[in-house]
1. Could you list, bin by bin from short to long, the percent of Cα-Cα pairs of the stretch A:234-302 in 10 Å steps?
2. Out of residues 5 or more away from A:N375 or on other chains, whose amide H comes under 5 Å of its own, with H placed 1.01 Å from N in the peptide plane?
3. Find how many whole Å separate the alpha carbon centroid of the stretch B:310-331 from the alpha carbon centroid of the stretch A:437-454.
4. Averaged over its residues, how many other protein chain Cβ atoms are within 10 Å of peptide B:86-97's Cβ atoms?
5. If N is the number of residues in the stretch A:188-248, what value comes out of its Cα radius of gyration divided by 2.2 N^0.38 Å?
6. Name the long-range amide H neighbours of A:F350: under 5 Å, sequence gap of 5 or more, or other chain; modelled H, no Pro or chain starts.
7. Over all residues in B:60-71, what is the mean tally of Cβ atoms on other chains that come within 10 Å of each residue's Cβ?
8. From the phi of every residue in the stretch B:19-27, what ³J(HN,Hα) in whole Hz does the Karplus formula 6.51 cos²θ - 1.76 cosθ + 1.60 yield, where θ is phi - 60° and glycine or proline is x?
Amino acid sequence: MVSQAFEEISPADFFYRNREIAGFTNPSRAIFAAIRELVENSLDASESAEVPPDVFVSLTLNEEGRPELETYKLRVEDNGSGITSRHIPSAFGQVLFGSKYKLKQARGTFGLGGTMAVLYGQITTHKPAYIVSSTGSTKVYIYRIMIDIQKNKPIILERRVLINKEEWRGTIIEFFLEGDYFRAMPKILEYLKQTALVNPYANITFVDPKGRLYRFTRVTTKMPLPPKETLPHPYGVDVETVKRLIRVTPNRNMTDFMKTHFHRVSEKIALKFLEFAAIPRGRNPKKMGPQEIVQLVRMIKSFEEFRPPSANCLSPLGKDLLKAGILKELKPEYTVVCQRKPSTYAGHPFIVETAIAYGGEIPKKGEFILYRFANRIPLLYDEASDVSFRAIKNMNWRRYKVSQDMPLAILVHICSTKIPYKTVGKEFIADRPEVKKEVLNGIREAARLLQRFLSKREHVEKEKHRLSVFSKYLPKIARFSTELAGRESQPDINKLLESVNTSEGTAKR
Amino acid sequence: MKEPRKDNNVSTSEKKDAATDLQSLGEGLYKQMEQGEFPWIKIPSRSTENIYYSPELRQYILGDRKVKRSARNIRHIRPFTQLVWTAFFAHKLSTQRKTSTLRDVYYSAQAYEMSFKDQSESDNIITDLETAIGSAREDFNIFPEERSAVFGDITIEYTVPGYEGRQMNLTSHPDGLMVGPALTYSEFVKTSADKVIAIEKGGLFTRFIEENVHKKHNALLVLTAGQAPRATRHFIHRLNKELELPVYILTDGDPWGMHIAMVIISGSANAAHVRDLTTPDAKWSGVWASDIVDYKLPSVPLTEIDIKRLHELQRDPRYKDDLWQREIKIFMKIRKKAEQEAFSRYGLTYIVDEYLPSKLEETK
């Protein structure tokens, strides 16, 4: 018999061993992922403080790096809500610690991003991370930390407190990491540009290792309404969630339990459901056995009368902001934007926003340019696997008088409390039928609006063309007819030309 | 010695008509514009539905259907302007007694900022103009590039500027004379010939001159150089009509050769709007499919395209006569074709000494 050694590994250890699933596959991808995670944390932090974000990113080459592989110093500053002193070490030094477990729309899916970047920096350079943060109180906290990977705990190397004279609020993080900026550069710049597009109220500044400054300036200070926190919807829960709810509930009967912990469950619905599930109303949830809990979840899923989740936990960008972002970053000649009504998949509400930008600085590529966004972050990799990409491919564009050789960019923004990503890398959205349908309808709606614009423009062009054709040829006909007839003076054709100008498309065969 | 019948003269009268017709076309358009109307004209339709074969005239003609071309229509105005310009240009050629080739017309247009996309566009407009005023382009002094020639004892008198009244015998140059504008416009004075032999290929034409076919058979020799140009068809028509000479045609023994003969005899659908190009009494004297068999000529197999062409010809109303139907069937049966040069197998003069006399007799 072979004896096997079992060991328990910490979440930090798990991600250390499997860092590719979080996007840290290779040096160029890692540097992109690190910037992306930290920028998104910063944007979230500013939005929860309800101030237009100011994000500053700088990447500098570290002199001590080995020549074959460069190491960089990455610094990200924001004007966000800041982190309370006692949470600072965990926020960046403990995997799966974060503020994103409650149900509301946020950019990340779990507290992996910031820490993952720091973890990656530590395992490639073995240097501590430096964090400065203040919630705008009288003090500013400075930490120097490393991560104990096996225990998934931060190690605090230094802690300092400064007086916050200027009432500064925000977070600064600075750490070292290995990477390949020059290969990652196109993606990073594209990422920042698209982020600026979908966050038109943010100032984003980036200084790259060559000292080049990239500045994306806000065009508005208006921000979308912040999302509200919400209870889980019955259709969205699993056995584990229900177990945890039971552990913390103060309720001692099932009616109250259903009403208190689930989204849009009223007394009436709760009673109806309990009757349907054949569970006594007075049953104490705390006393339910494992089998009972499994049965409860099964009944929840098969009960059809729960009301659909409300969308006020969502924060779509809105037509005006989407348009502003497109005009500012893509500079098209014309753009149409649409927002679909809220919909749900598996108990998760979502809203699809679409836009089509046409002409101007949008290049002709021979195929449509697709920009994908989820909860206001751009998705740059694995485009061909994305639900939007497939929707576009399957559409009959000829119906909308649109062809691939037009300078056209299509934008799809999905916001949800839970984006149906297919991988932890958060790069593309799965083919859920409900989501696909909304995306398709959204693109169709935008295409219809674009078609209206195009045909109006075509009409104007046609009229212009008509007039120019007539004013080119009529005088020649007059001139040659006159010479042919042997007449002295040409007939007056001005009235004919005027009639062309005023009449519309009356040409007959 | 034969002299032309004056009442059959088809050459000069039509030219004056063409110039007058062009002018009145301009006059009509001018008046329309003077009255505040978009200028327009009506011309016979040249679409295939309006082309009919006339058994009486033994050629294709246009039906009664007409199309209106109006400068009011944005799709018409460009070709309409081109048509008016071409009329203006042709009128100028006629009054100045100059000629121009189709290619010239294409380039001349550019001087008036009237450029055509390509020559086929300008050729097409010229055909429109022919249809509009009912005259062939040669009547308003526009010619294709010449490539065909004529040789034999006929005296002609030039009418072109600088040569008026000068006479010329067409045996004077042993390569033959090019059928160009000057010859087209010339008057026939007299001839000793009693027939016309039209020949498809230059080699045989030269052989016939060398072997004195014109003397031995009292013939005028016309080289068509492949499909006969319209000027040459018109010339053959005049020889037949004005001098009452019978016409015999010698081509290669294949469907394409047959059709060269047929176009001289009955014309083409493309020229359904023009008269005086056909010679309905002309005879196709060979090379027939049956000649390939009878003379045991060296031959090559017919290709797929040849066979396809034979099927087309079999259904063509111009080919309804027995001789044609018979020869088409023989071609299909033997699936072979032969060139005129195939007779060289029996020596260079065999075709002149043996084949030609017998075929002229046979098709008399």
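1. Over the stretch A:234-302, the share of Cα pairs per 10 Å bin runs 22, 66, 12 percent.
2. So A:N375 has HN proximity to A:I414, A:C415, A:S416.
3. 61 Å
4. Details: counts 1, 4, 9, 3, 1, 5, 2, 0, 0, 1, 0, 0.
Averaged over the peptide's residues, the number is 2.
5. Values: Rg = 20.0 Å, N = 61, 2.2 N^0.38 = 10.5 Å.
This ratio for the stretch A:188-248 stands at 1.91.
6. Amide H to amide H, under 5 Å and 5 or more residues apart or across chains, A:F350 pairs with A:S343, A:T344, A:Y345.
7. Details: counts 0, 0, 0, 0, 0, 0, 0, 1, 2, 0, 3, 7.
That average works out to 1.
8. 4, 5, 4, 4, 5, 6, 4, x, 4
Each reported figure results from applying straightforward, stated rules to the coordinates on display, with no laboratory input. Treat the numbers as computed from the prediction; the structure is a model and nothing was measured. No Cβ is skipped: glycine too gets one built from the backbone with ideal geometry, and neighbour counts run over all protein chains shown.
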